[in-house]
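To start, the structure itself, in structure tokens.
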Amino acid sequence: MSRPTGAWRHQPQPQRGLMWAASPAFRRQLVLLRSLLPCPSHSSVAAGFPSSTRCSSTFLRASHAMATSAGTVYEADAEAVVRRITPPLDRARHKGQAGKIAVIGGCREYTGAPYFAAISALKVGADLSHVFCTKDAATVIKSYSPELIVHPILEESYSVRDDEQASVSYNILTEVAKWMGRFDCIVVGPGLGRDSFLLDCVSNIIRHAREANIPTVVDGDGLFLVTNNLSLVAGNPLAILTPNVYEYKRLVQKVLNCDVDDETASDQLNTLCQKIGEVTIMRKGKADLISDGKTVTQVSIFGSPRRCGGQGDILSGSVAVFASWARHFILSSEQPIEKRVNPMTLGCIAGSLLLRKSASHAFEKNKRSTVTSDIIEFLGKSLEDICPAAY
Ligand SMILES: NC(=O)C1=CN([C@@H]2O[C@H](COP(=O)(O)OP(=O)(O)OC[C@H]3O[C@@H](n4cnc5c(N)ncnc54)[C@H](OP(=O)(O)O)[C@@H]3O)[C@@H](O)[C@H]2O)[C@@H](O)CC1
Ligand SMILES: Nc1ncnc2c1ncn2[C@@H]1O[C@H](COP(=O)(O)OP(=O)(O)OP(=O)(O)O)[C@@H](O)[C@H]1O
Ligand SMILES: [Mg+2]
């Protein structure tokens, strides 16, 4: 595995610059950037780098920007991140080594969301993608795609008698636990619904994933669950929350007991992460703001003016794959722990970029009629443009 450049371009916020330049967080970022060098030449070739000069120019750009001006939000050099964390296609690898992802979601109302998340994971490059959903949703999701492995195991209150709930809940956890250790990342929430019994069962799954050290992306109704039960993710550095504008508002109100303040967006996001404890949050919007409670980066490259539902689901599936690649990459980088870049942050940066590029391509082709499936169609091309699949 190669080393990431993880380079950040700076968004100027002059009124706060001096304070930030002197801060430990700023110095830490510089150390982190330096720690990402040098890049071994084998990875440059495998990930499509034309030459090793690209690595150093990326570094110079980033360190220059950070040393000369300061602020709290850094525009991620997201393409560099994607290149560095995407594993080479190696003939020696076997099925599963590029990633096994599971989506926990899909109920009577929503079958599209879990499908979008799970198929996106495959299209980005995972080898296997599972969906754990309710029985009603399973046949429908299977009919969308034979690529997905669908487990019809979740139950909603209407299908379980009160006196059966304890045993059904136990059976669900037992079934998921059989698989859990094989997953590189799980996504909890796309199309999950809000049935109370189902959410109780999913709480057990989240706790189990945490005990097993499985990175967990929480999105959609998973965020509804977690916002009302913060202990599920509190203190878990492998948890990524991906709220949209409404989900973020609910989270801020619950945790910080105030309203979203766009004037202090990055500070508020950092504080939110700190209060919950160790999690990474990607606040979706015009720009995607990403924080692990220490630094805030953003991805703001323009994607598409279409706001069709389902783009967040593509994002959650993509982030799951990139976060697991980034984790593998960082763990194998032999950096001391205190110098390691947060792989969950890298996963968010990469996922955001890929979605935005794909949305842009899809809009160019389909204009107003662009729908989520059109965007998924471009995930492969977008990744190929950044990181050709030479092997
Ligand atoms: N094809 C599929 O299967 C898809 C299924 N999906 C799944 O649906 C589930 C629910 O996810 P969600 O994003 O639609 O839910 P949520 O954030 O509650 O917003 C719903 C709407 O409520 C409103 N609204 C809510 N709060 C508000 C507020 N504070 N202030 C103001 N308005 C507020 C607002 O509507 P508006 O007011 O704009 O009409 C908003 O658009 C989840 O499981 C997800 O994965 C999606 O992924 C899409 C594709
Ligand atoms: N106003 C915007 N301009 C540009 N991009 C946006 C805008 N709002 C959201 N996005 C991008 O679209 C992607 C999905 O975000 P969105 O807010 O639509 O998620 P969501 O509501 O959870 O989606 P879903 O319908 O799948 O639940 C993110 O990458 C986000 O940055
Ligand atoms: Mg959503």
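Laboratory data are not the source of any read-out in this text; all were calculated from the coordinates shown. Everything quoted here is computed from the prediction, not taken from an experiment. Here Cβ is always computed from backbone atoms with ideal geometry, including for glycine, and neighbour counts include all displayed protein chains.
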Subject >> Cα→Cβ-extended label distance, 7 Å offset, between Glu211 and Lys254, nm >> reply: 2.3
Original post:
Near the amide H of Val296, under 5 Å away, which other amide H atoms are found, from residues 5 or more places off or on another chain, if H is placed in the peptide plane?
Top reply: Tyr74
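Residue separation times 0.36 nm, minus the C-alpha to C-alpha distance between Lys95 and Glu263: what's the value?
That pair, Lys95 and Glu263, stretches by 55.8 nm at full extension.
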**OP:** Provide the descending list of Cα extents for the stretch 255-349 along its principal axes, expressed in whole angstroms.
**Re:** 40, 30, 20
**OP:** With just the Cα atoms of the stretch 125-213, tell me how far they stretch along each of the three principal axes, in Å, largest first.
**Re:** 42, 32, 20
Subject >> ³J(HN,Hα) computed for each position of the stretch 104-114 - Karplus, 6.51 cos²θ - 1.76 cosθ + 1.60, integer Hz, glycine/proline x >> reply: 9, x, x, 9, 4, 6, 10, 10, x, 4, x
**OP:** Let me know the Rg and Dmax you get for the stretch 157-282 when you use only its Cα atoms, in Å.
**Re:** 15.4, 51
Original post:
So who's got an amide H within less than 5 Å of the one on Ala239, skipping anything under 5 residues away but keeping other chains? H placed 1.01 Å off N, in plane.
Top reply: Thr216, Thr280
**OP:** For the stretch 216-233, just list the computed ³J(HN,Hα) in residue order, Karplus coefficients 6.51, -1.76 and 1.60, θ = phi - 60°, integers in Hz, with x standing in for Gly and Pro.
**Re:** 9, 8, 10, 9, x, 5, x, 6, 4, 5, 5, 4, 8, 8, 5, 4, 4, 10
Original post:
Taking the stretch 331-391 on its own, what percent of its Cα-Cα pair distances exceed 14 Å?
Top reply: 64
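Remind me, relative contact order of the stretch 100-386 in percent, using alpha carbon pairs under 8 angstrom and six or more residues apart?
Taking the mean separation of contacting Cα pairs over the length of the stretch 100-386, I get 18 percent.
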Original post:
At q = 0.14, 0.30 Å⁻¹, what is the log10 ratio I(q)/I(0) for the stretch 129-177, with the Debye formula run over Cα points and no solvent?
Top reply: -0.38, -1.09
**OP:** Pull up all non-local amide H partners of Val103: gap of 5 or more, or a different chain, and H-to-H distance under 5 Å with H placed in the peptide plane.
**Re:** His130, Val131, Phe132, Val187
Original post:
Among 315-326, 338-349, 92-103, 137-148, what's the highest-first ranking by average C-beta atoms within 10 angstrom per residue?
Top reply: 315-326, 338-349, 92-103, 137-148
Subject >> Over 30 Å [Cα-Cα, the stretch 100-386], rounded percent >> reply: 26
Original post:
Given 5 Å bins starting at zero, what is the percent of C-alpha pairs of the stretch 65-142 in each, up to the one with the largest pair distance?
Top reply: 3, 13, 17, 14, 12, 11, 10, 10, 6, 2, 1, 0
